[in-house]
Each structure stands twice: as structure tokens, then as C-alpha cells.
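Please treat every number below as a calculation from the coordinates, not as lab data. Just so you know, these numbers come straight off a predicted model, no measurement behind them. Counting neighbours? That spans all protein chains shown, and the Cβs are built from the backbone with ideal geometry, glycine included.
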Amino acid sequence: MGLNYNKFEKTCKILEENEFDKSKLISILQGVQEEYKYLPEDILAFIASSLNMPLSKVYGVVTFFSFFTLQPKGKYIIKICDGTACHVKKSTGLIDAIKKKLGLKDDEILTKNMLFSIETVACLGACGLAPVIVVDGVVYGQATPNAVVRLIDNVLKEEKEK
């Protein structure tokens, strides 16, 4: 299959912007995650090698901070609150509707085309708007299954227009 050199090219740029400075590891990792929406294993090994540090130390930083992820994410990240207020207001119905619309089975959280990923979160801090979902940082309160399906349809329509 071969290496994706473009992937390493982007990472090299991020490393250069951070002057290959070990003390800027978190900044480097943030840049890489912003680029790929997650931290690929081969990139972490490349970063460790480039900074002349053990891969275990890089993994230690990645696994310590909750904002880093080793799992691929979709272009559009849908966060569904399932905290107490949202759960009582039937957030599970939202989860079911989103999974059905996206064709996700059982524990799948990423669409095959990598366009959408879903995350169930404990609380989004908008209990007065329950049930709540967040799509790429935009909060949608008092969500219904029909409304979330329409939201996904709108995103799909915008994607086709690009």
C-alpha cells in the first residue's frame, strides 16, 4: 500500500512551526489532531522519532489529557448529551435516530465515508435546553429525532454543494 507522504509532510510543517522543541509537544499534538481530528499511531511514532524522545513519553502525554484522541473522527462530530436532564427527555431516541440515519450499527461511531462520528457525553451544560446535541460546536436544544435527521440532511446537502 505504501506510505502517505502527504501525512508526514503536514506533520513536518507542524514540527517546524514548533521548532522541533520537545517542550512544545502538547502544541505539536494539538496541531496534528486539528489536522486529522485524531492522533494516528504512525504519526505519533514519527513525532517521537523527530523529537528524539521515547514513543512511550508521547503516548503518556496523549493518554493523560482527555482532549486527545487515538480514535478516528468524522469531519462532522455529533455529540449527544445523555446526562440526567437529557436522558429524562429521551436523548436515547436522538441517538437511535442519528444512528439509523447514518447507518451505524451497534457500537459503530464513525460512518464509513468518515463524514460523521457520534459521541455520547455525560453533560453538555445546557440542561435547560434538554435534550441537547452539538454538531461541530453548534448547540441544538430541545432536539427531536425528526429535527436531528433534518439537520443531518442539511449537512449532507451542503457537502454535495461543495
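Taking a sphere under 12 Å around the Cβ of residue 140 and counting the other residues whose Cβ falls inside, with K and R at +1 and D and E at -1, yields a net charge of +1. This structure gives semi-axes √(5λ) of the Cα gyration tensor in Å, computed directly, and of (i) 27, 23, 16; (ii) 34, 18, 13; (iii) 23, 18, 14 that value is listed as (ii). Taking all Cα pairs closer than 8 Å and separated by 6 or more residues, the relative contact order of the chain comes to 19 percent. Net charge near residue 13, counting Lys/Arg +1 and Asp/Glu -1 over other residues with Cβ under 13 Å of its Cβ? Charge balance in the 13 Å sphere: -4. Shape class of region 7-64 from the Cα gyration tensor (axes a ≥ b ≥ c, square roots of the eigenvalues): rounded, since a/c falls below 1.5.
Going down the table (90/160; 75/100; 90/162), which pairs top 24 Å between alpha carbons? 90/160; 90/162, as the Cα separations exceed 24 Å there. Note on region 7-64: Lys pairs 8 or more places apart or on different chains, Cα atoms under 17 Å apart, count 8.
The charge dipole of the chain, taken about the Cα centre with unit charges on the Cβ atoms of Lys, Arg (+1) and Asp, Glu (-1), comes to about 480 debye, rounded to the nearest 20. Only beta bridges with both residues in region 17-162 are counted; by DSSP, about 55 percent of them are antiparallel. Note on region 76-161: antiparallel DSSP beta bridges, both residues inside, total approximately 55 percent of the bridges counted.
The spacing between region 6-24 and region 106-162, judged by their C-alpha centroids, is 32 Å.
Normalising the average separation of contacting C-alpha pairs (under 8 angstrom, six or more residues apart) by the number of residues puts the relative contact order of region 76-161 at 39 percent.
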